Amino acid sequence: MSAINMSRRQFLKTTGILGGGLVIGFSMTGCSSSELPITLVQQGFVPNAFLQITPDNGIRFYCPRDEMGQGVTTGLSTLIGEELDVHPKDMEILFAGVHSDYNNPDFGVQGTGGSSSLKAHYLQLRQVGANTRGLLVAAAAQDLGVAASAISTRDGHIVVAGKQYPYGQFVQTAASLEAPTEAPLKSNAEFRYIGQAFARVDAAAKSTGTAEFGIDIDIPNMHHAVVRRSPVAGAKLKSVDKSVALNMPGVTDVIEISSGVAVVAEKYWQAKTAAAKLSPVWDEVALSKVDSSDLRADYNQAMQQDEGVVDTDEGDVKAGLAAADHIVEAEYWAPFLAHAPLEPMNAVVRIENGEADVWSGTQGIVAAQGLVSRFSGIPVEKVRAHNTYLGGAFGRRGTLTHVIEATEVAVASNKPIHLLWSREDDIQNGVYRPASLMKIKAGVKNDGSITAWQAKRVGGNITPKTLQNMMPALFPGLNDGTIDFMVGLSRDVFAGWMVDHASVEGLYEDYDTDNKTVNHVTVEHDIPLTFWRSVGHSYTSFAKEGITDELAEKAGMDPVAFRLKNTQGNPRLNNVIRVAQQHMLAMQPAEGRFLGFAAHNSFATDVAEIAEVSVIGKTIRVHKVTCIVDCGIAVNPDIVRAQMEGAVMFGLTAALYGDLELVQGAFKQSNFHDYPILKMSEAPLVEVVIIDSGTAPTGVGEPGLPPIAPAVASAVYQATGQRLRSLPLKIA
Amino acid sequence: MIEFILNGKTVSTDDDPSTPLLWVVRDTFKLKGSKFGCGAGLCGACTMHIDDEAMRTCMLPISAVAGRQVTTIEGLGTLDDMHPLQTAWVDASVPQCGYCQSGQIMAAASLLKHNPNPTEADVDAAMSGNICRCGCYVRIKGTILSVAQQNLAYNAAQEQKA
């Protein structure tokens with residue numbers, strides 16, 4: 001504690017001088033003495049990295065997490081505003097620049113993902129709000145000559161004997177005082193904003209075309225770059241005749257870069273048109289010979305012949321299976337998927353006088369800074385990274401190849417560069433949700449108790465692939481050789497020694513049995529992988545819930561009752577299933593419609609979904625989804641509902657359509673005509689039931705997704721008698 | 001040189017006549033509210049009104065809009081003076097990432113102009129070319145239908161006054 005205080009005092013002094021005597025600031029962590037990336041406005045007061053308060057009572061909140069649609073600007077401003085007593089709608093909310101004070105407390109780096117933001121910042125930002133409020137109260141007590149105990153606060157004002165004084169009036173005095181470090185937090189009963197379903201703070205900007213996304217950045221002398229890349233991941237440029245593009249109108253440069261060849265022009269359409277004229281020739285790599293059928297054959301062989309690595313080994317599965325009255329065993333398949341956020345990847349990079357700026361909507365702005373530094377040779381402290389709104393992310397915007405490309409082009413062309421991917425680039429040159437072959441063998445007794453659960457997954461590992469993407473960004477000082485060594489080490493470790501938990505999460509945890517094994521066989525074909533909304537859960541839930549339905553049938557039990565019986569060790573999930581059962585029992589589906597049920601815990605949140613489905617011919621139609629969720633305190637219940645609605649749609653796109661086919665190492669699909677996204681006319685009604693369990697909040701961005709595919713598959717079984725074990729779901 | 005009317009003002013450009021309207025509006029006239037999503041007329045993020053018709057502009061050459069009225073999201077309403085659909089969009093917290101919403105709102109505004117009392121099926125038909133990857137469809141549809149009802153009620157009240 002004393003170390004923190006010392007660095008804080010020192011920081012107060014330093015920035016106090018820089019800011020004309022009115023500014024104080026301190027490092028939340030005590031680890032960083034670097035200057036906060038905050039622009040002072042109107043002699044603003046900066047009590048910490050998250051706030052700036054101006055004398056005219058402007059309240060600026062520097063949001064440490066990235067807004068990709070999940071509502072984090074609203075959620076986090078609600079946390080700090082609750083304790084500061086300022087409504088989020090009365091704050092100006094800005095995206096934070098790079099500083100360790102903005103690290104995600106769950107990750108230790110400045111990254112957004114894993115449905116972590118509300119959970120990770122819940123106490124931290126409330127404490128910052130409370131401490132700042134305490135400081136303002138102390139300043140007001142001094143200025144007004146009253147006891148702090150006679151002061152209350154409301155809506156950005158100090159209140160004394162019914163009279164209101166704006167916070168801004170006290171910032172000069174506050175700047176001379178020391179903030180409390182452990183000001184008391186409100187009890188849940190005292191919340192005024194947490195738990196209220198007020199409108200999103202970004203809704204107006206996003207409804208008027210004024211929200212600024214990375215693609216919208218426009219700076220003086222900016223040139224536009226379009227890159228031609230190999231259709232096969234990892235294949236390098238062998239040769240290209242640049243002259244055909246160089247002679248096109250507006251084109252200024254044609255440059256070979258690490259990922260291919262870039263065309264630079266004054267305007268995007270000129271660059272795009274000229275790039276299309278190029279006929280680059282690419283090297284052949286091992287992947288160049290692989291079709292989907294080869295890949296699947298490798299997966300099948302691994303499933304049959306390879307023991308793999310043990311992730312979990314509890315109890316005695318052999319004895320459990322022997323004790324069962326019935327055994328079920330089945331394989332489940334999930335394909336590679338692209339994220340396809342609607343805003344294609346893009347970045348703007350400007351390099352001038354030994355300094356750089358980068359603008360890009362990312363899930364980790366520190367990574368953008370690191371990559372620009374690494375690929376320009378400019379030290380990180382001279383690279384200013386600016387975040388923007390993200391036009392969707394879903395895991396995709398943690399891998400920033402486009403920032404590398406924009407940097408390489410900016411360096412080589414000596415121009416500020418706006419680099420934009422096409423939709424075809426996005427689907428064919430991306431980083432993917434790994435394909436998975438899963439097998440579960442499980443035993444059940446006639447009384448419905450599960451006796452053994454033996455699971456195995458074959459596929460690629462996300463963590464080493466992500467390290468490959470992130471390490472060059474997070475450690476710009478490490479040379480390529482060191483990074484290659486560490487990535488290789490992690491790949492070997494996950495292939496031969498231990499299991500990458502992201503590969504198997506959700507495959508075995510939810511249901512009661514003493515006897516469980518989980519094995520993993522790593523099979524990779526050099527296809528770039530990364531996190532995709534709900535990560536491993538996006539495919540494991542399909543296998544886990546499918547087998548559970550089959551076990552229930554063998555035991556002669558209703559599938560929901562069967563899950564209730566087998567979640568005694570998992571009380572919150574059990575309660576979610578119980579509430580869902582009540583809703584389901586009250587439903588009376590129309591003739592020709594069938595109900596399917598699934599439940600799943602992911603990212604510490606429990607969700608059950610009931611899908612009302614009809615099957616006509618080979619068409620699966622989902623009419624309505626009822627979603628029951630327990631995510632602890634719903635900080636903004638309307639955003640919880642929105643995330644469940646959105647995750648259902650995202651999951652349905654994967655359940656009904658999502659598929660990428662590999663032909664000679666290249667993905668065949670290219671745009672929304674052959675990689676379709678659910679349309680409004682296909683979208684079900686979604687009813688969301690939030691169980692307020694009153695505990696600290698857990699994530700909502702991802703957990704709505706895992707139950708939907710198995711819920712629909714379960715309804716399809718009711719409708720047709722077909723157990724569909726392969727995604728996307730196709731009626732035989 | 002091609003001349004057209006952009007949000008009520010006559011503008012001219014010497015961009016190549018084959019350049020899609022979207023890029024002329026974004027790069028030449030610096031209006032960034034209309035978005036690029038697919039470049040193939042498949043997602044609707046680039047939707048603008050051409051003489052009151054909602055059209056995909058990522059493939060529409062500017063030669064085709066010479067002399068015509070082009071309205072973008074910036075011309076529909078502003079933060080201080082929103083179109084009723086925009087106000088309703090905010091009240092219902094429709095957007096998530098928000099990237100598709102300019103196109104959604106332009107498509108919806110055109111629908112209500114031509115069909116002030118749409119059925120759910122009409123909304124589905126008019127809006128199904130607009131992809132929302134975040135899956136805000138339930139709210140988009142509900143908001144369009146509720147704005148239509150408000151408009152009808154308002155018009156009925158005006159008629160009664162008259």
Any hit, region A:225-232, residues being assigned to a loop (DSSP other than H, G, I, E, B), under 30 Å from A:His386 (Cα atoms) and within 14 Å of chain B (Cβ to nearest Cβ): no
Hey, which of the strands (runs of 3 or more DSSP E) in region B:1-118, taking only ones fully inside, have at least 1 residues that are within 30 Å of A:Gly361 (Cα to Cα)? B:2-6, B:48-50, B:53-55, B:69-71
From the options A:Thr517, A:Thr548, residue that is in a helix (DSSP H, G or I), assigned by TED's automatic domain parsing to the domain that holds A:Gly315 and either touching a residue at least 12 places away in the same chain (Cβ under 8 Å) or surrounded by fewer than 22 Cβ atoms within 10 Å (Cβ to Cβ) (or both): A:Thr548
Could you go through region B:90-97 and let me know if any residue there is more than 10 Å from chain A (Cβ to nearest Cβ), without any contact (Cβ under 8 Å) to a residue 60 or more places away in the chain and surrounded by fewer than 23 Cβ atoms within 10 Å (Cβ to Cβ). no
Taking region A:42-56 and keeping only residues that are assigned to a loop (DSSP other than H, G, I, E, B) and more than 32 Å from the chain's Cα centre (by Cα), one is left with A:Gln42, A:Gln43, A:Gly44, A:Thr54, A:Pro55, A:Asp56
Suppose we keep only residues that are β-branched (Val, Ile, Thr), touching a residue at least 24 places away in the same chain (Cβ under 8 Å) and closer than 18 Å to B:Lys32 by Cβ within region B:65-89. Which one would you say is surrounded by the most Cβ atoms within 10 Å (Cβ to Cβ)? B:Ile73
Count of region B:117-136 residues which are facing another protein chain (nearest Cβ under 7 Å) and in contact with a Lys or Arg (Cβ under 8 Å, 6 or more places away or on another chain): 4
For region B:16-43, the count of residues that are more than 10 Å from chain A (Cβ to nearest Cβ) and touching a helix residue (DSSP H, G or I) at 6+ places or on another chain (Cβ under 6 Å) equals 2
Report, by residue number, each residue of region A:385-403 that is in contact with a helix residue (DSSP H, G or I) (Cβ under 6 Å, 6 or more places away or on another chain) and crowded, with 24+ Cβ neighbours inside 10 Å. A:Ala385, A:Asn387, A:Leu390, A:Thr399, A:Leu400, A:Val403
Find the residue count for region A:579-632, including only residues that are assigned to a strand (DSSP E or B) and among the polar types (S, T, N, Q). 6
Residue check, A:Pro434 against (1) under 26 Å from A:Asn353 (Cβ atoms); (2) touching a helix residue (DSSP H, G or I) at 6+ places or on another chain (Cβ under 9 Å), all met but one. Which one? (1)
For region A:146-164, indicate whether the set of residues that are in a strand (DSSP E or B) and crowded, with 22+ Cβ neighbours inside 10 Å is non-empty. yes
Looking at A:Tyr432, A:Tyr511 in this structure, which one is hydroxyl-bearing (Ser, Thr, Tyr) and more than 20 Å from the chain's Cα centre (by Cα)? A:Tyr511
For region B:137-159, enumerate the residues that are within 11 Å of chain A (Cβ to nearest Cβ) and in contact (Cβ under 8 Å) with a residue 40 or more places away in the chain. B:Arg139, B:Ile140, B:Gly142, B:Thr143, B:Ile144
Which of the residues belonging to region A:261-305 are polar (S, T, N, Q) and within 14 Å of chain B (Cβ to nearest Cβ)? A:Gln270, A:Thr273
For region A:78-89, check the following and say yes or no: at least one residue is modelled with pLDDT of 95 or more, part of a helix (DSSP H, G or I) and closer than 29 Å to A:Leu474 by Cα. yes
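The values are calculated or read from the model by the stated rules, or taken from the named source; none is laboratory data. All values reported here derive from a predicted model rather than from experimental measurement. A quick note on method: Cβ atoms are made from the backbone with ideal geometry, for glycine too, and the neighbour counts reach across all protein chains shown.
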